[in-house]
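Below: the structure, in structure tokens.
The values are calculated or read from the model by the stated rules, or taken from the named source; none is laboratory data. Since the structure is predicted, the reported quantities are computational estimates derived from the model, not experimental observations. With ideal geometry, Cβ positions are generated from the backbone for all residues, glycine too; neighbour counts draw on all protein chains shown. Areas reflect the complete protein model, heavy atoms only, side chains present, ligands, DNA and RNA absent. Shrake-Rupley method; radii C 1.70, N 1.55, O 1.52, S 1.80 Å.
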Amino acid sequence: MKILFVDSTHPYLHQELIRLGFQCDLNYQWSKAEIENNIHLYDGVIIRSKIKFTKQIIDKATGLKFIARVGAGMENIDVAYAESKGIKCLHAPEGNRDAVAEHAMAMLLSLFNNICKADKEVREGKWLREENRGVELSGKTVGIIGYGNMGSAFAQRLKGFNVKVLAYDKYKKNYSGDFVIEASLEKIFEESDVLSLHIPFTDETNYMVNDDFINKFKKSFYLINTARGKVVKTDDLVKNMISGKILGACLDVLEYEDVSFEKMNSTISNQQSTFNYLLQSNRTILTPHIAGWTKESNEKMAKILVEKIKKLF
């Protein structure tokens, strides 16, 4: 069986698949056209975020048995259409959930304790104590939307901080436990001091966090987004930071990202003033879509996909 790699991955993935008897073609530099013209030759394809596997490409993949994404989100694959053609769609959220949870935790604590601001000031020769008086997480209520791999891992990390953790998941029931209390969206709006998003990007979640959504919260709150940038309407986020409804934002993802997540896209020029506000604010922590991007997660995702591919064959 032949497997096409269109994105670079941890070497364990192709090395182990070769050991298991698969032929692995590492064609990382192929263009979209080259992928389309050759995809009919392959039984499987390994991707990250280089291209979208649309109906157009899937129709040309006449021998394809699986698409495996080295990552968690599946929005760059037309999963429903692929599965209608008998193509299995695999991903590895189990492999980077710990990395995402730890990153979300780090961002929140950095924001609450002015870590980035204070570090910069000390390096500039400023020793400002009162100006950097922080906020404690203890005693607060953290709301989580999306209680899958990422949301549950984040809830687990919160256990030692003496917080109340509420989680809402439209597609799950009966998951209250040691780390979390299952809650309605209305209860999240009523009680949360912090909101953390752990949902996939779909038509349903596109710009879910907009002005109307934000103002359903009873209290001013802090926002964490390690999910997908377009889940949050950035103009409305900044509007509510200015008004004080949102006290601060930890953003590992932005709506301005290119489909590959490797750069910003051209739409940022239309919202430059909004983006500049995020850049200049002391109430934001910004990172370049690296919440799931650790040395350990890179290897774990490779190992998980090997096991999933083995089970198929």
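Could you run through the stretch 283-313 and say how many residues are among the polar types (S, T, N, Q), surrounded by fewer than 21 Cβ atoms within 10 Å (Cβ to Cβ) and more than 25 Å from VAL135 (Cα to Cα)?
Here the count works out to 2.
Which residue, of GLY244, GLY229, is open to solvent by less than 30 Å² (accessible area, probe 1.4 Å), modelled with pLDDT of 95 or more, more than 19 Å from the chain's Cα centre (by Cα) and among the small types (Gly, Ala, Ser)?
GLY244
Can you name the residue in the stretch 268-296 that is touching a residue at least 60 places away in the same chain (Cβ under 8 Å) and hydrophobic (A, V, I, L, M, F, W, C) and, of all such residues, is farthest from SER220 (Cα to Cα)?
TRP293
Condition test on SER266, is it at pLDDT below 95 and either within 20 Å of MET150 (Cβ to Cβ) or hydroxyl-bearing (Ser, Thr, Tyr) (or both)?
Yes; evaluated as a whole, the condition is true for this residue.
Being surrounded by fewer than 19 Cβ atoms within 10 Å (Cβ to Cβ), free of Cβ contacts under 8 Å to residues at least 24 places away in the same chain and under 30 Å from TYR147 (Cα atoms): is that true of ALA33 here?
no
What strands (runs of 3 or more DSSP E) lie completely within the stretch 154-263 and have 3 or more residues being touching a strand residue (DSSP E or B) at 6+ places or on another chain (Cβ under 8 Å) and of a type in the set (A, V, I, L, M)?
164-168, 194-197, 246-251
Working only within the stretch 275-313, note down all residues that are hydrophobic (A, V, I, L, M, F, W, C), in a helix (DSSP H, G or I) and touching a helix residue (DSSP H, G or I) at 6+ places or on another chain (Cβ under 8 Å).
PHE275, LEU278, MET301, ALA302, ILE304, LEU305, VAL306, ILE309, listed by residue number.
Name the pairs whose Cβ atoms lie under 9 Å apart, with the first residue in the stretch 78-90 and touching a residue at least 24 places away in the same chain (Cβ under 8 Å) and closer than 19 Å to SER49 by Cβ, the second surrounded by 13 or more Cβ atoms within 10 Å (Cβ to Cβ) and of a type in the set (S, T, N, Q), and 6 or more positions between them or separate chains?
ASP78/THR54; TYR81/THR54
Since GLU121 meets every condition but one in (1) open to solvent by 40 Å² or more (accessible area, probe 1.4 Å); (2) over 26 Å from THR226 (Cβ atoms); (3) of a type outside the set (A, V, I, L, M), which condition does it not meet?
(1)
I need every pair where a residue in the stretch 117-133 that is at positive phi has its Cβ under 7 Å from the Cβ of a residue that is modelled with pLDDT of 95 or more and in a helix (DSSP H, G or I), sequence separation at least 6 or different chains.
As it stands, the answer is none, since no pair meets every condition given.
Quick one: would you say TYR12 is surrounded by fewer than 21 Cβ atoms within 10 Å (Cβ to Cβ) and part of a helix (DSSP H, G or I)?
yes
(1) closer than 28 Å to LYS55 by Cα; (2) open to solvent by less than 60 Å² (accessible area, probe 1.4 Å): which one isn't true of LYS140, the others all being true?
Single failed check for LYS140: (1).
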